[in-house]
Every structure is written in C-alpha cells, then in structure tokens.
Amino acid sequence: MGDRRQVTIDKAPAVPARAAARLAKHVEIALDEVELSLPQYRVLALLTAGAEAGSALASKLAVSPPSVTALVDGLVNRGLVERRPDVLDRRRVSHLLTDKGRRALADADTAVDARLVDLASHLEPRERAKAMAGLHLWHEALDAYREAKAMRR
C-alpha cells in the first residue's frame, strides 16, 4: 500500500503550491493590521539573529541590494531598524533591530499567529495540530535550505 500523502499530492499537484500562495495572502492581511509589509516582516525576523550587512540581508531575502536598501530605509525611518558602521570595516554598514523593532515584530508575530489559528480552527482538532506542525516543519526545511545554499557559496 502506497503512502496516502503521496497519492494525494499526485492527484492534485497544484494544491500545496496554491495553499502556500493563499497562506501568504493571509499573512499579508495579518501584517497589514500592524502596518508591516511581508518583506518588512521578513527583514525584522532575520535581524533577530543579530546585525547583518545589507548584502547579507539581500542574499537571505533573495532580493537585489538596491531593493534591500529601499526596504530598510522605510524601517529605519520608522525607528524599527538602525544602521551602524561596522566596527571592523567602517565601509560596511550593519543593520540592527531596535527595541521598537522588536516590539513591532512581536506584534506582527501575534497577528500572524492569530490569523493562522483562526484559519486552522476550521479543521478538526487532530488535523489542526497537523497543520500547525506542518508549518513548523516548513520552517525547519527553509532554514536547512538557506544553510545548505550558504555552504555552497
């Protein structure tokens, strides 16, 4: 007997892709409540790991350096991110999350979590737990993918 999940995916190959796209829209809606865009949220989340140069942020976000500069400009103007010259290389600028940025990220996490819980509430309890566990697995897969990609460079 084959794996039921594989059979389901084979019968509807577009379902996971479309579900991811639909979830992204729900994340955007939740973030709108806290006045953040999805790209801004991603920057704030990346900066929780520590200061990053613009080029490193661009690479991790899979965008061009000019795009990250424009994105970070808005976060700096709102006091959510701070730019500082790198202590080892004055030509390089590091980006850091401010206390206000940490609070904004916490508010955003809460808003997105609430949206996901609301969506999952339309499933049976066991399926709800599986859906949320699946998101945790995707988080791990995305981190592993980023690490593997960084190792290849």
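The values are calculated or read from the model by the stated rules, or taken from the named source; none is laboratory data. Quick caveat: nothing in here was measured; it's all calculated off a predicted structure. Cβ placement follows ideal geometry from the backbone for every residue including glycine, while neighbour counts extend to all protein chains displayed. To get the accessible areas, we keep the full protein, side chains included, count just its heavy atoms, and leave off ligands, DNA and RNA. Shrake-Rupley method; radii C 1.70, N 1.55, O 1.52, S 1.80 Å.
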Could you list, in sequence order, all residues of the stretch 111-145 that are within 16 Å of the chain's Cα centre (by Cα), open to solvent by 60 Å² or more (accessible area, probe 1.4 Å), more than 18 Å from K60 (Cα to Cα) and free of Cβ contacts under 8 Å to residues at least 12 places away in the same chain?
D113, H136, L137
Failed criterion for V81 (all others in (1) touching a strand residue (DSSP E or B) at 6+ places or on another chain (Cβ under 6 Å); (2) in contact (Cβ under 8 Å) with a residue 40 or more places away in the chain hold):
(2)
Exception for L44 within (1) surrounded by 12 or more Cβ atoms within 10 Å (Cβ to Cβ); (2) at positive phi falls at (2)
